[in-house]
Amino acid sequence: MSEVLECLIIGSGPAGYTAAIYAARANLKPVMITGLEQGGQLMNTTDVENYPGYPNGILGPEMMEDFKKQAERMGTDIRFGYVNKVDFTGPIFKVWMDETKELHAKTIIISTGATAKWLGIPSETRLNGSGVSACAVCDGFFYRGKPVAIVGAGDTACEEAIYLSKLCTEVHMIVRSDKMRASKVMQDRVAQTKNIKVYWNTSTDEVLGEKGVTGARLHNNITGEKTEIKIDGFFVAIGHQPNSDPFKDFIDTDEQGYIITQPNSSRTNVAGVFACGDVQDKIYRQAVTAAGSGCMAALDSERYLSALGH
């Protein structure tokens, strides 16, 4: 049998790197498999101004490089690759990396994050990080006193529209059908917010701008009428997809695919397998909360091994 690792961390980003730092300090000799997007969603973020310890702000990729260096300095073995298959029947867990390499571990920490859903238009991709964002709480601050647009019709879209309305001069809320999926109370709050303008039955043809967002071209799905709006920020709030597919044969998830963890812990339904960050958090989805849950997962992993006498 190959070497049995004490702790294998699947996924990088704030949750994974923090778990690695704590696990390494606990002498668990963690091995991390980064995933194809090493550093997670923050690799697509420009300025991060809401993470403690960076008084002047920092670029997302630079912050993730700091996290990575700290994890490595503590002794984490970081390996670039992705996990496509697992066997969590235990007591020793099996993980397949890059389809062929098999790893064995006593504990697993899943920190594979979630991927924002996008509209799929080229200009949205081109301007991502330069006025286009999938997180109003993260980036709304940069558009204080400016007009913005947000696409979405669920509770999250309504919450983010209301959040933006407190910062921005005007919020253009683009809804693709004639009704919202959001709860009645959230719809009422949007309706009562004077600087939110809702566009029903409307789709986005293009986000306008060269180096930054200057506007958006919309069209009415029923009449075909086209409209151009002047905005400085364009937010997409049509949901996230948790990166949990490789684990679903063994790990309980909710109807959206988010891994279910036990209250006040990172424990999953499989003893010795823990989850942290956005793969199990559909409420907050912030770098700082992801990092905090990574700490929890490492501590839970250490306590699990201690209880076994390791």
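First obtain the Kirkwood hydrodynamic radius of the stretch 162-310 from its Cα pairs, then insert it into the Stokes-Einstein equation at 37 °C and 0.692 mPa s, and state the resulting D in µm² per second as a whole number.
175 µm²/s
Want the number for residue 66 to residue 248: 0.36 nm per residue separation, take away the alpha-carbon distance, what's left?
62.3 nm
Restricting to bridges with both residues inside the chain, how much of the DSSP beta-bridge set is antiparallel, in percent to the nearest 5?
Looking only at bridges with both residues in the chain, the antiparallel portion is about 45 percent.
Taking the Kirkwood radius as the inverse of the mean 1/r across Cα pairs, report the Rg/Rh of the stretch 214-293.
Here the Rg-to-Rh quotient is 1.22.
Where in the chain lies the longest segment free of GluC sites (Glu not before Pro) that are both loop residues by DSSP (not H, G, I, E, B) and have at most 12 other Cβ atoms within 10 Å?
Value returned for the longest uninterrupted segment is 100-209.
Quick one: what Rg and Dmax do you get for the stretch 37-186 from the alpha carbons, in Å?
19.8, 57
Taking C-beta distances below 4.7 angstrom as the pairing criterion, name the unpartnered cysteines of the chain, in sequence order.
7, 158, 168, 276, 295
Treating the stretch 118-236 as a set of equal point scatterers at the Cα positions, no solvent, please give the Debye-formula log₁₀ I(q)/I(0) at q = 0.18, 0.23 Å⁻¹.
-0.86, -1.41
Of 284, 22, how do they rank once you tally other Cβ atoms within 10 Å and put the fewest first?
284, 22
Can you give me the Cα centroid spacing of the stretch 40-72 and the stretch 164-229 in angstrom?
Distance between centres, Cα-based: 31 Å.
Ratio of alpha-carbon Rg to the 2.2 N^0.38 Å globular estimate for the chain, to two decimals, please.
Normalised by 2.2 N^0.38 Å, the Cα Rg of the chain equals 1.08.
So, R0 is 25 Å and r is the distance between the beta-carbons of residue 59 and residue 217; what FRET efficiency does that work out to, to 0.05?
Taking R0 as 25 Å, the efficiency between residue 59 and residue 217 is 0.25.
Suppose a student asked you for the relative contact order of the stretch 118-236, using Cα pairs under 8 Å spaced at least 6 residues apart; what percent would you report?
For the stretch 118-236, the relative contact order is 31 percent.
Going from the alpha-carbon gyration tensor of the stretch 1-96, what semi-axes, largest first and in whole Å, does one get by taking the root of 5 times each eigenvalue?
27, 15, 9
The numbers here are math on the coordinates, done by the rules we state, and not lab data. Worth saying up front: this structure is predicted, and the values here are computed from it rather than measured. Cβ atoms come from the backbone with ideal geometry, glycine included; neighbour counts cover every protein chain shown.
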